[in-house]
Amino acid sequence: MVYRMVLKHPFYSLSGVVSSEHPLASLIGSRVLEKGGNSVDATVATSLVLTVTLPHLGGIGGDFFALIRDPDGRIYFVDGSGYAPSKLTRELIIQKGYSSMPAQGPLSINVPGLVDGLRIMWEKWGSIEWRELVEYARSIAEKGFGVSHSLSTALKDLYEYLTRDPGTRETYYSRGIPEPGEVFKYKGLGKALEYIADDPRSFYEEVIAEKIADYVQSRGGVLEYSDLKNYHADIGEPLRTTYRERIVYEMPPSTQGITTLHLLKLLEDHNLGSIKPNSMERMKLFLKAAKIAYMIRDKYITDPRYMEVSAEYLLSEEFIGSMKRLMEENVDLERNTVNSRGDGDTTFFAVIDKEGWMVAGIQSLFYPFGSYITEPTFNITLNCRASSFSLDEKHANRLEPRKKTMHTLSAMIVEEKERILVIGLSGGHFRPLLHAEILTNIIDYGMDPQKAIEYPRFIWHLWTNRVDYEEGYSVRDSNT
């Protein structure tokens with residue numbers, strides 16, 4: 001089988017590929033494959049290098065999800081998302097004067113799930129020693145790496161906010177704002193990775209967990225050592241549907257992957273090929289479908305243990321039929337929304353090996369530098385994923401202790417006759433709409449993956465009248 005990685009000029013390989021947002025991560029992942037490791041091994045190494053080199057997008061204090069396809073075609077879902085601390089309650093947040101969940105700060109932090117997500121995946125399918133896989137990231141953290149434009153820009157843009165936390169200030173600004181190309185080191189993170197190399201559960205059960213809990217509490221949060229100790233990632237089944245005879249797999253709740261599938265099913269009855277891909281007609285159709293798909297997301301999707309209906313029912317012919325009727329009837333929709341700011345950030349990567357193992361991996365702190373809180377001993381910046389909870393006690397995604405929030409991370413694997421597509425991107429709440437745009441570019445408009453990715457996109461700021469679109473869309477055929 002020939003594997004294709006999409007670049008300006010497509011790259012083909014007979015031995016596998018690693019595509020990530022940072023060259024060091026891709027290089028290390030490829031090196032693992034060259035040494036005989038499989039895609040799961042390469043995923044562990046790639047993910048951990050990304051936590052070092054892109055700490056604002058996918059740091060070790062965040063979450064991790066993956067879809068894994070084995071050589072026999074079986075697909076699995078790895079859920080490395082954490083839950084709310086046991087003492088993080090709706091009553092507490094309201095008592096502190098908030099009318100909605102804080103966007104950043106110590107009360108926006110969920111238990112980080114990334115490390116245990118990698119652990120559980122590696123224990124089931126990995127073939128190379130864990131310590132060897134972690135060592136790549138540990139070495140880079142201690143010896144240093146060249147700061148990317150992305151990291152330098154984020155540190156400049158958020159300087160005012162990040163320097164309010166002593167741990168964050170000490171971790172990132174001890175020598176001023178690092179410029180692109182400047183060598184940057186994390187001695188503390190290197191030490192944390194040394195502990196993790198010995199035992200991945202040390203992140204949750206030993207000194208790292210103790211330091212995280214103590215520091216968060218010193219900053220006014222309620223994360224406890226027991227919250228970390230009791231956390232374990234899961235392996236489950238993906239969601240599955242069809243789109244124009246292709247099989248599309250997405251991540252299940254608590255992720256918003258089902259929203260991507262709903263969008264595709266709502267669009268499937270329309271002849272997109274008869275609509276110009278850069279027209280207002282296409283944009284209007286997609287937005288009409290998006291309003292229904294996101295309404296369903298906000299009404300039902302949360303931690304599956306707390307959902308009133310199952311994901312299987314939400315993908316049933318009966319339920320999708322009711323969604324299609326809503327789309328046809330232009331019914332006014334209930335705006336039962338979550339906290340849906342649109343400027344989140346993430347890092348996605350894909351790995352394929354010569355044996356046919358495929359991984360779609362995605363990790364995030366939710367927003368750049370997450371909570372803006374960094375444990376200083378180990379330089380671990382913590383997520384702000386709890387900010388997605390609702391304080392409305394009737395909302396499906398209401399805040400409750402040890403509950404997972406509705407999660408914006410998701411990714412796709414698409415089976416199309418003799419080719420398989422692994423698709424993912426940054427995008428926060430926009431992700432399902434962008435997934436649908438890229439996939440329909442490929443399937444309905446016959447674009448190759450490179451053109452589909454580069455083609456102008458549009459996003460809808462949920463439950464507002466604001467739509468942003470890139471240069472290349474024709475507005476002459478519309479009065480909007």
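The values are calculated or read from the model by the stated rules, or taken from the named source; none is laboratory data. In this text the structure is predicted, and so the values were computed from the model without any measurement. All Cβ positions, glycine included, derive from the backbone under ideal geometry; neighbour counts span all protein chains shown. Protein only, heavy atoms only, side chains kept; ligands, DNA and RNA dropped before computing areas. Shrake-Rupley method; radii C 1.70, N 1.55, O 1.52, S 1.80 Å.
Results, tabulated for the structure shown:
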{"quantity": "Distance histogram in 20 Å bins (all Cα pairs of the chain, percent per bin)", "calculated": "25, 58, 17, 0"}
{"quantity": "Whole-Hz ³J(HN,Hα) from phi, Karplus 6.51 cos²θ - 1.76 cosθ + 1.60, for region 59-66, glycine and proline x", "calculated": "x, 5, x, x, 10, 9, 10, 8"}
{"quantity": "Value of relative contact order over the chain, rounded to a whole percent, pairs C-alpha under 8 Å and six or more apart", "calculated": "24 percent"}
{"quantity": "Under 5 Å, built H, 5+ apart or other chain: amide partners of Phe64", "calculated": "Gly80, Ser81, Gly113, Leu114"}
{"quantity": "Residue pairs, from the table Lys191/Lys211; Lys288/Lys417; Lys96/Lys229; Lys324/Lys394; Lys284/Lys394; Lys143/Lys187, whose Cα atoms sit over 20 Å apart", "calculated": "Lys288/Lys417; Lys96/Lys229; Lys324/Lys394; Lys284/Lys394"}
{"quantity": "Whole-Hz ³J(HN,Hα) from phi, Karplus 6.51 cos²θ - 1.76 cosθ + 1.60, for region 423-430, glycine and proline x", "calculated": "10, x, 6, 7, x, x, 5, 6"}
{"quantity": "In region 8-103, trypsin sites (Lys or Arg not before Pro) in a DSSP loop with at most 16 other beta-carbon atoms within 10 Å", "calculated": "Lys8, Lys35, Arg74, Lys87, Lys96"}
{"quantity": "Share antiparallel - DSSP beta bridges, the chain, percent rounded to 5", "calculated": "90 percent"}
{"quantity": "Solvent-accessible area per residue for region 418-480 (1.4 angstrom probe, square angstrom)", "calculated": "48 Å²"}
{"quantity": "For region 207-261 and region 400-449, distance of Cα centres in Å", "calculated": "18 Å"}
{"quantity": "Long-range amide H partners of Gly144 with built H, under 5 Å", "calculated": "Tyr186"}
{"quantity": "Share of carbon and sulfur in the accessible heavy-atom surface of region 50-204 [1.4 Å probe, %]", "calculated": "46 percent"}
{"quantity": "Protection proxy ranking of 372-379, 49-56 - average other beta-carbon atoms within 10 Å, highest first", "calculated": "49-56, 372-379"}
{"quantity": "About the Cα centre, charge dipole magnitude for the chain (Lys/Arg +1, Asp/Glu -1 at Cβ), debye", "calculated": "680 debye"}
{"quantity": "Protection proxy ranking, peptides 105-111, 224-230, average beta carbon neighbours within 10 Å, highest first", "calculated": "105-111, 224-230"}
{"quantity": "Sequence-separation-based contact order of region 419-480, relative, with Cα cut under 8 Å and 6+ spacing, percent", "calculated": "22 percent"}
{"quantity": "Furthest towards positive pole of dipole, Gly126, Ser148, Met101, structure part region 67-223, Cβ charges", "calculated": "Met101"}
{"quantity": "Per-residue ³J(HN,Hα) for region 265-270, Karplus 6.51 cos²θ - 1.76 cosθ + 1.60, θ = phi - 60°, Hz, x for Gly and Pro", "calculated": "5, 6, 8, 4, 7, 9"}
{"quantity": "Cβ-based net charge around Ser15, under 11 Å, with every Lys or Arg adding one and every Asp or Glu removing one", "calculated": "-2"}
